[in-house]
2 protein chains.
Amino acid sequence: MSLLPKAFEQLVDAFSKISGVGPRTAERYAYFILKGDPAKARNLASMLEALHSQIKVCPKTFTLIDADKEISSLYTDTNRDKKMVALVAEPFDVIALEKTNLFKGTYHVLGGLISPIDGIEPEHLRVRELITRIKEDEVREVILATNASIEGETTAIYIQKELAGLSVKVTRLARGLPIGVDLEYADQITLGRALEGRQEF
Amino acid sequence: MSLLPKAFEQLVDAFSKISGVGPRTAERYAYFILKGDPAKARNLASMLEALHSQIKVCPKTFTLIDADKEISSLYTDTNRDKKMVALVAEPFDVIALEKTNLFKGTYHVLGGLISPIDGIEPEHLRVRELITRIKEDEVREVILATNASIEGETTAIYIQKELAGLSVKVTRLARGLPIGVDLEYADQITLGRALEGRQEF
């Protein structure tokens, strides 16, 4: 005999399919929603219902855009330098970079990082699209803005090799001490990179 | 200019209304769902849509039951002793107790614990319903199965006073050393309670 109503268990099940949501967390969410206003639950439901149909991927930059738009405003904006492309793994990385207010080029979303363990091989990434764009837009510089993780580094190295034959400058984000971190607390690898990449004062 | 599609931001907004879900977590959930199968998103949507209409509260025990049931099977089950009632704060506490496989009475869900800071006063709890039930079912024993927190203790003391005039035995869950915990790691209060409540060997 099940101790909980079927509708409740089904919702818990559906929630726990989200990556990072365990069964206990899913129960908490479901119970919170159940205790709350039914209108709020219906609102969340309609957002989920509409999600996929109202969002598409920009065919130029591969960032996420409203389904009724043609191309991301990150590309069409005339103030942006189309010959300067930051290469990122996921659409959220764009937001992180935009928040710096320092980058005035455009973006190319790879769609992941090489990670054989998760079944992500180079051919799953949008590398061919990047090469096409470099040629079409006569891109001058590609900034590899991948994570400072093993997957990020592997992907950066792979992309660099793929672009070697093209007349495009390939740079990557500096590695070094994060601002506000004491030297004594920095990990060896970061500190090593900060040494290697030391800049003239 | 918003960097993310509107439908996406609305979903993130709706998710972050759930207690315990911050904006970053909400983004992660929304992105996971967006990357996944649209059918899964629609499935979660329909579960949420149906939630409130398919669940109701049992008028006897106040546990959650399917909307098409009259009374919880925890009450109607003839193998259960209706004269023995475990008083719990929330419907999930029932499941925790059921998992012990040791309790063969029934339940009464209070609907919370007294917590003035959260605006929960005694009159918000199902105390009158408990008293009615004690009289109707000629309940012999009420087990106060509330949390060992300040709110749980406050509520237990309050309920005990409310039931003082009735001919019902009021007990509460033993406090003491949790199984598998070393004495040296037990906190003072727990250890103090274990001493006070020591049992003959």
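The values are calculated or read from the model by the stated rules, or taken from the named source; none is laboratory data. Nothing here was measured: the structure is a model prediction, and the numbers come from that model. Heads up, the Cβs are rebuilt from the backbone with ideal geometry, glycines too, and the neighbour counts pull from every protein chain shown.
The rows are residues; the columns are (1) at pLDDT below 95; (2) in contact with a Lys or Arg (Cβ under 9 Å, 6 or more places away or on another chain); (3) hydrophobic (A, V, I, L, M, F, W, C).
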| residue | (1), (2), (3) |
| --- | --- |
| B:Lys56 | yes, yes, no |
| B:Lys60 | yes, yes, no |
| B:Thr63 | yes, no, no |
| B:Ala67 | yes, yes, yes |
| B:Ser72 | yes, yes, no |
| B:Asn79 | yes, yes, no |
| B:Asp93 | yes, no, no |
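When you go through B:Ser72, B:Ser115 one by one, which is the residue that is hydroxyl-bearing (Ser, Thr, Tyr), more than 8 Å from every other protein chain (Cβ to nearest Cβ), within 22 Å of the chain's Cα centre (by Cα) and surrounded by 18 or more Cβ atoms within 10 Å (Cβ to Cβ)?
On the way: B:Ser115 fails: surrounded by 18 or more Cβ atoms within 10 Å (Cβ to Cβ).
Just one listed residue meets the conditions, B:Ser72.
What residue, of A:His108, A:His124, is of a type outside the set (D, E, K, R) and modelled with pLDDT of 95 or more? Talk me through it step by step, then tell me what you get.
Working: A:His124 fails: modelled with pLDDT of 95 or more.
Answer to the selection: A:His108.
Could you tell me which numbered condition B:Leu177 fails, if it satisfies all but one of (1) at pLDDT below 90; (2) within 20 Å of B:Glu129 (Cβ to Cβ)?
Among (1) at pLDDT below 90; (2) within 20 Å of B:Glu129 (Cβ to Cβ), B:Leu177 violates only (2).
Could you tell me which residue of region A:148-186 is surrounded by the fewest Cβ atoms within 10 Å (Cβ to Cβ), considering only residues that are among the polar types (S, T, N, Q) and out of contact with any strand residue (DSSP E or B) (no Cβ under 7 Å at 6 or more places or on another chain)?
Here is the first cut: in region A:148-186, the residues among the polar types (S, T, N, Q) are A:149, A:154-155, A:160, A:167, A:171.
Next, only the ones that are out of contact with any strand residue (DSSP E or B) (no Cβ under 7 Å at 6 or more places or on another chain) stay: A:149, A:154-155, A:167.
Details: A:Ser149: 12, A:Thr154: 16, A:Thr155: 25, A:Ser167: 10.
That would be A:Ser167.
Listed residues B:Lys40, B:Lys35; which is modelled with pLDDT under 90, closer than 30 Å to A:Thr61 by Cβ and of a type in the set (Lys, Arg)? Steps first, please.
Values: B:Lys40 fails: modelled with pLDDT under 90.
Just one listed residue meets the conditions, B:Lys35.
So which pairs qualify, if the first residue must be in region B:119-137 and among the acidic types (Asp, Glu), the second must be at pLDDT below 95 and crowded, with 16+ Cβ neighbours inside 10 Å, the Cβ gap must be under 6 Å, and the two must be at least 6 apart or on different chains?
Sorted first by the residue in region B:119-137, then by its partner, the pairs are B:Asp137/B:Lys82.
For region B:152-201, name all the residues that are touching a residue at least 60 places away in the same chain (Cβ under 8 Å) and of a type outside the set (Ser, Thr, Tyr).
First, the residues of region B:152-201 that are touching a residue at least 60 places away in the same chain (Cβ under 8 Å): B:152, B:155, B:159.
Selection gives B:Gly152, B:Ile159.
Hey, among the residues in region A:78-104 that are β-branched (Val, Ile, Thr) and free of Cβ contacts under 8 Å to residues at least 12 places away in the same chain, which one's nearest to the other protein chains (Cβ to nearest Cβ)? Let's see the steps before the verdict.
Residues of region A:78-104 that are β-branched (Val, Ile, Thr), as a first pass: A:78, A:85, A:88, A:94-95, A:100.
The next check asks that each one be free of Cβ contacts under 8 Å to residues at least 12 places away in the same chain; those that pass are A:78, A:95, A:100.
Values: A:Thr78: 13, A:Ile95: 5, A:Thr100: 13 Å.
Checking each candidate, the answer is A:Ile95.
If you go through region B:5-15 one residue at a time, do you hit one that is farther than 27 Å from B:Gly111 by Cα, part of a loop (DSSP other than H, G, I, E, B) and at the interface with chain A (Cβ under 7 Å from one of its Cβ atoms)?
Start the filter on region B:5-15 by keeping residues that are farther than 27 Å from B:Gly111 by Cα, which leaves B:5-13.
If we keep only those that are part of a loop (DSSP other than H, G, I, E, B) too, we end up with B:5.
After this cut, where a residue has to be at the interface with chain A (Cβ under 7 Å from one of its Cβ atoms) as well, the list is B:5.
Scanning region B:5-15, I find at least one residue that is farther than 27 Å from B:Gly111 by Cα, part of a loop (DSSP other than H, G, I, E, B) and at the interface with chain A (Cβ under 7 Å from one of its Cβ atoms), so the answer is yes.
What number of residues within region A:142-165 satisfy the criterion of being touching a helix residue (DSSP H, G or I) at 6+ places or on another chain (Cβ under 6 Å) and aliphatic (A, V, I, L, M)?
Counting residues in region A:142-165 that are touching a helix residue (DSSP H, G or I) at 6+ places or on another chain (Cβ under 6 Å) and aliphatic (A, V, I, L, M) gives 1.
Quick one: in region A:16-40, which of the residues that are aliphatic (A, V, I, L, M) and facing another protein chain (nearest Cβ under 7 Å) is nearest to B:Ile33 (Cα to Cα)? Don't jump to the end; show me each part of the working.
Going through region A:16-40, the residues aliphatic (A, V, I, L, M) turn out to be A:18, A:21, A:26, A:30, A:33-34, A:39.
Add one more test, that the residue is facing another protein chain (nearest Cβ under 7 Å), and what stays is A:18, A:33-34.
Numbers: A:Ile18: 7, A:Ile33: 18, A:Leu34: 21 Å.
For region A:16-40, the residue satisfying everything is A:Ile18.
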